[in-house]
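Shown next, in structure tokens, is the structure this report addresses.
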Amino acid sequence: MDERFSPSTLIQTRVGEEYFKLFYFYETEEFEMYNITKDISEKRNILNNPTSKEMEIALQMNADMLAWLATNNAPTGTWVKNKEKVPYPKVEGVKKYQ
């Protein structure tokens with residue numbers, strides 16, 4: 001079982017011959033990104049020390065994730081503590097990892 005199991009959104013993309021996954025975790029407002037071509041076990045979170053190219057890919061994936069969520073009016077649920085709607089990830093939220 002994936003130990004990251006928690007409310008999240010995931011997007012995958014291909015850049016050249018490499019495949020990437022970007023996760024957003026709603027409870028912690030954190031992102032994780034993996035190059036699944038080079039790291040099939042998803043052990044190295046690229047965002048811990050991204051190159052400029054990896055950050056460029058992460059920013060595009062963040063934008064694509066938000067566009068998909070908005071276009072599809074995807075539900076995120078509500079917080080138990082106050083019954084408010086859980087917000088989508090922040091625009092360019094991955095910038096905090098630069």
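Summary table
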quantity	calculated
Subset tally (residues that are open to solvent by 100 Å² or more (accessible area, probe 1.4 Å), over 14 Å from the mean Cα position of the chain (by Cα) and either within 19 Å of residue 89 (Cβ to Cβ) or not hydrophobic (A, V, I, L, M, F, W, C) (or both)) for the stretch 28-51	4
Leading residue by the ranking (surrounded by the fewest Cβ atoms within 10 Å (Cβ to Cβ)) among those in the stretch 5-18 that are within 18 Å of residue 63 (Cβ to Cβ) and free of Cβ contacts under 8 Å to residues at least 60 places away in the same chain	14
Residue in the stretch 76-86 that is open to solvent by 100 Å² or more (accessible area, probe 1.4 Å) and hydrophobic (A, V, I, L, M, F, W, C) present	yes
Single residue of the stretch 52-71 satisfying the filter (open to solvent by 80 Å² or more (accessible area, probe 1.4 Å) and without any contact (Cβ under 8 Å) to a residue 40 or more places away in the chain) that is farthest from residue 92 (Cα to Cα)	71
Residues that are of a type outside the set (Asp, Glu) and over 16 Å from residue 96 (Cβ atoms), drawn from the stretch 30-56	34, 35, 36, 37, 38, 40, 41, 43, 44, 51, 53
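Here's the yes/no breakdown for (1) assigned to a loop (DSSP other than H, G, I, E, B); (2) among the hydrophobic types (A, V, I, L, M, F, W, C):
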{"residue": "10", "(1), (2)": "no, yes"}
{"residue": "28", "(1), (2)": "yes, no"}
{"residue": "34", "(1), (2)": "no, no"}
{"residue": "43", "(1), (2)": "yes, no"}
{"residue": "55", "(1), (2)": "no, yes"}
{"residue": "68", "(1), (2)": "no, yes"}
{"residue": "88", "(1), (2)": "yes, no"}
{"residue": "95", "(1), (2)": "no, no"}
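The values are calculated or read from the model by the stated rules, or taken from the named source; none is laboratory data. Because the structure is a prediction, the values reported are computed rather than measured. Neighbour counts run over all protein chains shown; Cβ positions are idealised from the backbone, glycine included. Just so you know, the surface numbers come from the protein's heavy atoms only, side chains and all, with ligands and any DNA or RNA stripped out. Shrake-Rupley method; radii C 1.70, N 1.55, O 1.52, S 1.80 Å.
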